[in-house]
Structure formats: C-alpha cells, structure tokens
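Accompanying notes for the structure given below.
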Amino acid sequence: MNTAGGELTKREKQMLLEVRQSRRYPVARFELHSSRSEELISTALDYVRIVEEDDSMELVKERGEALRSLEEKGYIRVDFSSNVWVCGDHRIYYRSSLYALLCRTAMEAQSLPECVFDVPSIRKGYVYLTTRGKGAVCI
C-alpha cells in the first residue's frame, strides 16, 4: 500500500481497506445538546465507528483516532453534513452500549440544576476515500 506523505499504521491500513470494500462506511459523532439552548452542543465522542453493539470504548476510540489520522493525512473525507442517510446504516449506533451510556449520562445530568448538556444525540456521517486514499488501496 502506498504510504507517501506519512506512514500508515496497521489499523489505518485496515480501515482504508474496509472503506474501499464497503458500499457505504457509516460513522457517527455522539453529542450532548442543551435543552435550554439549541446552540449549545458538546461532542462526547467523535469519529465513532461501531461494528458490534457491545464494542468497547477503547476499541471505538482506537478506530476514531485512526479515522482522524487518515483524514488529516488526506486519505479519507468524513462528512457529517449530509441530511440523507440509508435507514439501516446507523441503526447499530442507537443500539450500542456506548450510546446507552451516553443516554444514561444525559439522564443523570437532567437531575443536576447546574448541568447544561442533558440531551443525547447522534450526528450521522459517512467516510469517503479521497483520490489519495483510492491510490493508496489501488482502486
């Protein structure tokens, strides 16, 4: 695999191949919103890629770091701006143990008067290979 412009880790190479072999590569951003103000949003977990409902926080963070690095190196583009998704692509995120944890955290926050972020939310996204990414996986 071509690694010009920066060495790729084993995880990064694996993820590039996964994106290449996927019809769509859904990701998410776990956010906490404020019920008091629409403008207030806090990112709880970014570049989330869940494969199994019980994926650990450690594994999801490892994948997220690889995705962030691939984007910084120019191999992929992560798009959270689309308003159109395939219905089942993000279902696993809502069923995941990590989203359940986010929901519990938000519920607990609702009982604290000083807490601002009390509404859990998932921002849906997709990963796309860039021209550089396509070249790296020999498409």
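Here are a few things to note about the model shown:
- Number of the exception - Leu8 against (1) more than 15 Å from the chain's Cα centre (by Cα); (2) among the hydrophobic types (A, V, I, L, M, F, W, C); (3) open to solvent by 40 Å² or more (accessible area, probe 1.4 Å); (4) over 24 Å from Glu108 (Cβ atoms): (3)
- Look at the stretch 22-49: where a residue is open to solvent by less than 30 Å² (accessible area, probe 1.4 Å) and a partner is assigned to a loop (DSSP other than H, G, I, E, B) and among the β-branched types (Val, Ile, Thr), sitting 6+ places away or on another chain with Cβ atoms under 7 Å, you get Ser34/Val116.
- Against the test of being over 14 Å from the mean Cα position of the chain (by Cα) and without any contact (Cβ under 8 Å) to a residue 40 or more places away in the chain, the options Gly135, Gly64, Gly88, Gly74 yield a single qualifying residue, Gly88.
- Residue list for the stretch 10-43, filter: in a loop (DSSP other than H, G, I, E, B), among the charged types (D, E, K, R) and under 21 Å from Ser82 (Cα atoms): Arg23, Arg24, Glu38, Glu39
- Residue count for the stretch 111-123 satisfying the condition of being outside any strand (DSSP E or B) and either acidic (Asp, Glu) or surrounded by 13 or more Cβ atoms within 10 Å (Cβ to Cβ) (or both): 3.
- Residue among Tyr126, Tyr94, Tyr99, Tyr75 that alone is touching a strand residue (DSSP E or B) at 6+ places or on another chain (Cβ under 9 Å), modelled with pLDDT of 95 or more and surrounded by fewer than 16 Cβ atoms within 10 Å (Cβ to Cβ): Tyr94
The values are calculated or read from the model by the stated rules, or taken from the named source; none is laboratory data. Note that the structure is a prediction, hence the values are computed from the model and not measured. Positions of Cβ are generated from backbone atoms using ideal geometry, with glycine treated the same way; all protein chains shown enter the neighbour counts. Surface accessibility is based on the protein's heavy atoms, side chains included, excluding ligands, DNA and RNA. Shrake-Rupley method; radii C 1.70, N 1.55, O 1.52, S 1.80 Å.
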